[in-house]
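Notes to accompany the following structure.
The values are calculated or read from the model by the stated rules, or taken from the named source; none is laboratory data. Since the model is a prediction, treat every value here as computed from it, not as a measurement. Virtual Cβ from ideal backbone geometry, glycine too; neighbours counted across all protein chains shown.
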Amino acid sequence: MEALRIAELPACERPRERLFDGGPRGLATAELLAILLGSGQANGLSAIGLAQRLLRSLEGPGCDPLAHLRDISAAELMLQPGIGPARAASLLAALELGRRVFLAPPAPRPVVDSPQAVAAVLRAEMAFARQEQFAVLLLDIKNRLIAHRIVTLGTLDETLAHPREIFREAIRQAAAGIIVAHNHPSGITDPSAEDLRLTRQLLECARTLQIPVLDHVIVAQHSCTSLRRTTALWQS
């Protein structure tokens, strides 16, 4: 039977599509290698076929093929039928990049413990936006920033946010707590009735999910307002 090319596989079986849909961690080693090897066939094998054959050639008694792959040379790679200079270079570059990323010290995480710190994280994205944006800042147990996400965009004068989108990010990143924030393009940071209603809703969800909402900050070009400091919502 003639081997299928990657482009002829169903979308759910194509490594690149699966990587975009579910992230790289869900892919098998052969699928990751196939992405690096690229499309097209060589010696009657697809990229996945080449990747599988490469891994089999590196197997040994009590030895993981990845241990051999880590130290492989260009000459060894090009002994494999179907792997020429271009494919060998791609694999070696990816292996070296992975090594350097692994050895690099982690970037320091800023501590976000005030409305001003929230504004400092978001102002470049939000302060000059012409429409409202709603963001969630994901924090660890020491209030250090794990990541921040713009979860919704609104119209010129209104944003729509749903707790589902906000807490989905917190659960995915295993955040110990979150701060939510949005901008007011008008430059006036007084909370609206809708801002207060949404904050109450988020606080209720936070109690159920046990992921505390530490603040809701409204950001403008030159100012910011903390709803925790200016309302009694956290006391009720």
Ala181: surrounded by 18 or more Cβ atoms within 10 Å (Cβ to Cβ) and either in contact with a helix residue (DSSP H, G or I) (Cβ under 9 Å, 6 or more places away or on another chain) or modelled with pLDDT under 95 (or both), yes or no?
yes
Of all residues in segment 188-236, which are out of contact with any helix residue (DSSP H, G or I) (no Cβ under 9 Å at 6 or more places or on another chain) and in a helix (DSSP H, G or I)?
Ala193, Glu194, Arg197, Arg207, Thr208, Thr230, Gln235
If the requirement is being charged (D, E, K, R) and at pLDDT 95 or above, which of these qualifies: Arg228, Arg130?
Arg228
Are any residues in segment 71-98 assigned to a helix (DSSP H, G or I) and either within 30 Å of Leu122 (Cβ to Cβ) or in contact with a Lys or Arg (Cβ under 8 Å, 6 or more places away or on another chain) (or both), and if so, which ones?
Leu77, Leu95
Can Leu227 be described as in the same structural domain as Leu139 (by TED's automatic domain parsing) and free of Cβ contacts under 8 Å to residues at least 40 places away in the same chain?
yes
Looking only at segment 79-122, which residues are closer than 30 Å to Asp215 by Cα, among the small types (Gly, Ala, Ser) and surrounded by 14 or more Cβ atoms within 10 Å (Cβ to Cβ)?
Ser114, Ala117, Ala119, Ala120
Tally of residues being over 20 Å from Pro24 (Cα atoms) and either surrounded by 12 or more Cβ atoms within 10 Å (Cβ to Cβ) or not assigned by TED's automatic domain parsing to the domain that holds Ala30 (or both) across segment 65-78
6
